[in-house]
Amino acid sequence: MTAETPVEHLTEDAARAELARLAHQIAQADAAYHLHDAPEISDAAYDALKRRNAEIEARFPALIRPDSPSARVGAAPAEGFAKVRHERRMLSLENAFEPAEIAEFDARIRRYLGLGDDAPLIYTAEPKIDGLSLSLRYEGGRLVQAATRGDGETGENVTANARTLSDIPARIEGAPDILEVRGEVYMAHADFEALNTRQAEAGQKTFANPRNAAAGSLRQLDPAITASRPLRFFAYGWGALSAPLADTQKGAIDRLEKFGFPVNPWTALCDGPDALLAQYAAIEQRRATLGYDIDGVVYKVDDLALQDRLGFRSTTPRWAIAHKFPAELAWTRLERIEIQVGRTGALSPVARLMPVTVGGVVVSNATLHNEDYIAGRDSRGMAIRDGKDFREGDWVQVYRAGDVIPKLADVDLSKRPPDAAPYAFPAICPECGSDAIREESDSVRRCTGGLICPAQAVERLKHFVSRNAFDIEGLGAKQVEMFYRDEVLPIREPADIFTLEARDRANIPKLKNRDGWGEKSATNLFAAIQARRTIPLHRLIFALGIRHVGEVNADLLARNYLTWQAFEAAMTNATVGGGAEWEQLLSIDGVGQVLASSLVTAFHQPAERASIDRLVAHLSVEPAQPRGQVDSPVAGKTVVFTGTLERMTRAEAKARAEALGAKVAGSVSKKTDLVVAGPGAGSKAKQAADLGIETIDEEAWLQLIGGA
Ligand code: IVH
């Protein structure tokens, strides 16, 4: 490629010509990659083309082409934004509500790091801004990309929009060559009120709260609209970096401030749980006068070397926690109790409420958990709410738990209508008429209809196409409902998705001629399905929707079995309760009896199994990578730690081994590659010796992984 003119030096004509060239090149690369399965250029070169295209578009919005590559994702043109894969994942925070949880947070960190109670440990405490997170990528000091969080791995490219925020510098000086600044986009109260007034006067939709207004304003396809919205930004962290910013969290934030980013003025250093709680109280007191919404206080370990050692769980860092403010409450009437049947057959009661505003959001439904909860008992049969039950017609108190899912806290018996009867929980599935039974020790009643229950089948399909499963663009919950009921082109099980296009071709009435569909949307859907015929193993395992197999477990299983063939063979040959495959499954650290038996049972149910086989026949399943750096000496190895470790805690040892791609098992078996034995190692070390498995001490282990 010839040297490129910097975007800011391009004339309008040159920009127009280059956008045309880029549209053509990117379309060609997309076709090679998605339609012919043969990429012609490297991912990096591809990303560079997309980035340059986005930059030119941001400077010359008037020149954006109708076929702009930034409005497309792969071969399936999306209606919305281009997707961006975050170089470093954007995580969320663990929540805490009680002071005791903060003491426990500190204690847990000390345990993990092997720090005594008196060792100094400094935290930062800062407001948790109630907006939406944004990642800003600077290269050579210039803003080249802005992306929303999305699912944490892949977000949306909102570069052109982010450039319109005056809080976000287009250029910064003295920064590392590559710097991703992370922070929160929000709207101040006064700006929110003014915006809603303007919207109402113009006959446009108004927003429920500043957070929704901020999200709606940033995610505008037309950057001119974003520019007209009063959005602000606070920087609170970073993603990818080519050089460290500082040794401490506070030092790094100070540097971001020097680069020109707004940082929150209520950030303090605290030397332990008491100081954190004092800072929480101080911030809570100022909450009403800050001028923008906050929903808690975030605590972070200040020392970045310690943050590094602490690392991450699957979606949250161990070194931070969000101490949330108590949920807001409101009273309203419980009009009806309805039963929804979920993917695993669980009958979930939902309260239909007289709409009421709680914490700035109108709530009209709330979860009622299960029949015990309605009756006023917890899972051990103990009275909750003093044993008061919920009845249709009652006045109930609603709150938003973690500010998301509405729940009911209390009932006002003095207002109970005289004819209100205790709620009779159905013993028959309202969707398919099968018996709904409750197993001992389970608080949930489940429909026994399995795949013959339409509600279960539909929910499973919705799960199958969901974002972290097959993520099929254009096939969301609404479309799944539609196709499930369809007589001409039905989708009743996952395999049907992959025969959709062929069946449509054979049909006389075509999908493209239906109401709500057209040539473009039908073609896009088929292309999106086509693109998912190749699927990573962990996504497939998660998508199957087997009870207890969430994303974390799916990932764990994928990293242990590595290929679909190995996984499928192991599940087929396993029997619940014994045998080599069963033992192997249980030897995976993190897999317990409940998960193991749920998996094995699913693979041995004939209808279920046949449905899985029909699906997999259409797929090419990508093998999993053992986690972490694949070139580490322990990648793919199964390691067992035993005895006392002196240089690190057991939790830290495990997390580090896993980060290097090793599997950590709890017991020694033929599959074990290496045993790390500290003083006091007993039967496990002996077992290892009997099986001829290599055994080393902690020092040798540290040398092996390069951390001595
Ligand atoms: S730190 C790795 N600090 O809260 C941890 N997050 O629940 C990254 N948020 O997605 C988050 N204010 O959008 C951090 N001062 C703050 C924050 C903050 C708001 C949001 C952020 C994040 C969410 C996590």
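The values are calculated or read from the model by the stated rules, or taken from the named source; none is laboratory data. Quantities reported herein were computed from a predicted structural model and do not represent experimental measurements. Backbone-built Cβ (ideal geometry, glycine too); neighbour counts: all protein chains shown. Surface areas here come from the heavy atoms of the whole protein model, side chains and all, with no ligands, DNA or RNA. Shrake-Rupley method; radii C 1.70, N 1.55, O 1.52, S 1.80 Å.
Some points to look at:
- Residues of the stretch 666-702 with amide N under 18 Å of the 7 Å Cα→Cβ point at Ala580: 668-673, 691-693
- Prolate/oblate/rounded call for the stretch 414-493, Cα gyration tensor, a/c under 1.5 rounded: prolate
- Estimated FRET transfer efficiency (His24, Ser364; beta-carbon r; R0 41 Å; 0.05): 0.25
- Estimated FRET transfer efficiency (Asp515, Ala62; beta-carbon r; R0 30 Å; 0.05): 0.25
- Taking every protein chain into account, the accessible area of the stretch 556-649 amounts to 46 square angstrom per residue (probe 1.4 Å).
- Over the stretch 424-474, accessible surface divided per residue gives 48 Å², non-protein components excluded, 1.4 Å probe.
- Amide H contacts of Tyr138 (H built 1.01 Å from N, in plane; Pro and chain starts excluded): Val144, Leu179, Glu180, Val181 sit under 5 Å, all sequence-distant by 5 or more or on other chains.
- In order through the stretch 140-157: 3J(HN,Hα) via Karplus (6.51 cos²θ - 1.76 cosθ + 1.60), integer Hz, x for Gly, Pro: x, x, 10, 5, 10, 7, 10, 9, 6, 5, x, 8, x, 9, 10, x, 9, 7
- The mean sequence distance of close C-alpha pairs (under 8 Å, at least 6 residues apart), as a share of the length of the chain, puts its relative contact order at 9 percent.
- Computed from the C-beta positions of Ala424 and Met482 and an R0 of 41 Å, the FRET efficiency is 0.80 to the nearest 0.05.
- Difference of contour (0.36 nm per residue) and Cα-Cα distance, Ala635 to Glu328: 105.7 nm
- Here the label points at Thr563 and Ala100, each 7 Å from Cα along the C-beta direction, are separated by 5.1 nm in the simple model.
- Accessible carbon and sulfur surface of the chain relative to its total accessible area, %, 1.4 Å: 51 percent
- Computed label-point distance, nm, for sites Arg89 and Ser620 using a 7 Å Cα→Cβ extension: 2.7 nm
- Rounded to the nearest 20 debye, dipole of the stretch 406-513 from Cβ charges on Lys, Arg, Asp, Glu: 280 debye
- Tensor-based shape of the stretch 569-658 (alpha-carbon gyration tensor, a/c under 1.5 rounded, otherwise prolate or oblate): oblate
- In a fully extended conformation the segment linking Thr289 and Arg16 would gain 93.4 nm over its present Cα-Cα distance, using 0.36 nm per residue.
- Charged-residue dipole, Cβ positions (Lys, Arg, Asp, Glu), the chain about Cα centre, Debye nearest 20: 940 debye
- Rg and Dmax of the chain, Cα atoms only, in Å: 27.7, 83
- Accessible surface area normalised per residue over the stretch 283-345 is 43 Å², counting heavy atoms of protein chains with a 1.4 Å rolling probe.
- Residues of the stretch 240-263 with amide N under 14 Å of a point placed 7 Å along Cα→Cβ from Ala275: 249-251
- Under Karplus coefficients 6.51, -1.76 and 1.60, residue-wise ³J(HN,Hα) of the stretch 120-129 in Hz, glycine/proline x: x, 8, 9, 10, 9, 10, 8, x, 9, 6
- Modelled this way, with points 7 Å down the Cα-to-C-beta line, the labels at Glu440 and Glu699 are 5.5 nm from one another.
- Cα shape, the stretch 176-301, gyration tensor, a/c 1.5 rule: oblate
- Cysteines in the chain that lack a partner Cβ within the 4.7 Å cut-off: Cys270.
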